[in-house]
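Input: a single structure, listed below in structure tokens.
The values are calculated or read from the model by the stated rules, or taken from the named source; none is laboratory data. None of these values were measured; they are calculated from a predicted model. All Cβ positions, even for glycine, are placed from backbone atoms using ideal geometry, and neighbour counts span all protein chains on display. We work out accessible area using only protein heavy atoms, side chains counted, and drop any ligands, DNA or RNA first. Shrake-Rupley method; radii C 1.70, N 1.55, O 1.52, S 1.80 Å.
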Amino acid sequence: CPAPSDLRMANGTRICAQLYTDNSPYYDQCCGGEVLVVDPGDDVPYMPRGWGNSVSSLVVGTRCELTVWSR
């Protein structure tokens, strides 16, 4: 998984979180599969189509807060 301080787009824009569909009990194999990027200030009351019940691992950037709910 990327370090929280490394969450940035290719152009240097800060990312607050990245959610991934694949996970593993082995840390070096976590954070795989599809990626959902959460930008600073995003407020998404519902997961995008195809992401419901799919997030297996995530990384939250420094100085960011991510609140998630189940159901």
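Just a few scattered comments:
- Selection of segment 6-35 for residues being among the small types (Gly, Ala, Ser) and under 13 Å from the mean Cα position of the chain (by Cα) yields ALA17, GLY32, GLY33.
- For segment 21-29, the criterion of being in contact with a Ser or Thr (Cβ under 8 Å, 6 or more places away or on another chain) and open to solvent by less than 30 Å² (accessible area, probe 1.4 Å) is met by none of the residues.
- Yes/no for SER5 being touching a residue at least 12 places away in the same chain (Cβ under 8 Å) and open to solvent by 50 Å² or more (accessible area, probe 1.4 Å): yes
- VAL37 fulfils the conditions (1) surrounded by 14 or more Cβ atoms within 10 Å (Cβ to Cβ); (2) without any contact (Cβ under 8 Å) to a residue 40 or more places away in the chain; (3) β-branched (Val, Ile, Thr) except for a single criterion, (1).
- Among residues of segment 52-69 being modelled with pLDDT of 85 or more and closer than 17 Å to GLU34 by Cβ, the one that is surrounded by the most Cβ atoms within 10 Å (Cβ to Cβ) is VAL59.
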